[in-house]
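The values are calculated or read from the model by the stated rules, or taken from the named source; none is laboratory data. All of these numbers come straight from a predicted model, not from anything done at the bench. Don't worry about glycine lacking a Cβ; one is built from the backbone with ideal geometry, like all the others, and counts go over all protein chains shown. Just so you know, the surface numbers come from the protein's heavy atoms only, side chains and all, with ligands and any DNA or RNA stripped out. Shrake-Rupley method; radii C 1.70, N 1.55, O 1.52, S 1.80 Å.
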Amino acid sequence: MKRILIIAAMMLGLTLAASAQPKAIGLRMGYYMEASYQHTVNGSDFVEANFGTFGYNSMDISSTYNFMIAQPAWTSRGEWGFYAGPGLALGFFNGTTIAVQGQVGLEYTFWFPLQLSVDLKPQFGAWIGNHSSAYFKGGLYGFIPSISVRYRF
């Protein structure tokens, strides 16, 4: 019984700590069309996870750890932020793509729970298909700017 109470208290504590961190959920649109989720992990740094299409003809799952580089005070209301970070991606299109990626972007969080951002997210990796493999060139379309709209909570 004592162990159950300790485990329940730890679970409650972890849940409260996770819910205290700012999060955002929304869409990321560009060459990609993805559902996007952000979770703040260390001060202003955040993890971004995306799931959606890659070039409108395949599926892509990616995650990036973004470091908040600067937060200039350009406006009296809301928050600006420059961020960049590394990540990994896994895609499915006539085979499997495995890639490393980088992301760099600019975001603005309004004084109400809306966040807008523009970013670049190129991917470099390999395509593995039916008894063959190749360099994954489609990830270079990540140099096309993407716009994200998220609800921040």
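Exactly one residue out of ALA134, ALA99 is in a strand (DSSP E or B) and surrounded by 15 or more Cβ atoms within 10 Å (Cβ to Cβ), and it is ALA99. Return yes when ASN66 is open to solvent by 30 Å² or more (accessible area, probe 1.4 Å), in contact (Cβ under 8 Å) with a residue 12 or more places away in the chain, touching a strand residue (DSSP E or B) at 6+ places or on another chain (Cβ under 7 Å) and polar (S, T, N, Q) and no when it is not. Considered against the rule, which asks whether it is open to solvent by 30 Å² or more (accessible area, probe 1.4 Å), in contact (Cβ under 8 Å) with a residue 12 or more places away in the chain, touching a strand residue (DSSP E or B) at 6+ places or on another chain (Cβ under 7 Å) and polar (S, T, N, Q), ASN66 comes out as no. Looking across the range 54-80, the residues that are β-branched (Val, Ile, Thr) and either under 21 Å from LEU116 (Cβ atoms) or not in a strand (DSSP E or B) (or both) come down to THR64, ILE69, THR75. Residues that are in contact with an Asp or Glu (Cβ under 8 Å, 6 or more places away or on another chain) and farther than 17 Å from GLY142 by Cα were ranked within the range 108-122; the one that is most open to solvent (accessible area, probe 1.4 Å) is LEU116. Within the option set PHE92, PHE46, PHE67, PHE54, being touching a helix residue (DSSP H, G or I) at 6+ places or on another chain (Cβ under 8 Å) and either at pLDDT below 90 or under 17 Å from GLN21 (Cα atoms) (or both) holds for one residue only, PHE54. Among residues of the range 12-31 that are within 11 Å of GLN115 (Cβ to Cβ), those with a Cβ under 6 angstrom from a residue that is polar (S, T, N, Q) and modelled with pLDDT of 80 or more, sequence gap 6+ or separate chain, pair up as PRO22/THR40; ALA24/GLN38; ALA24/GLN115; GLY26/SER36.
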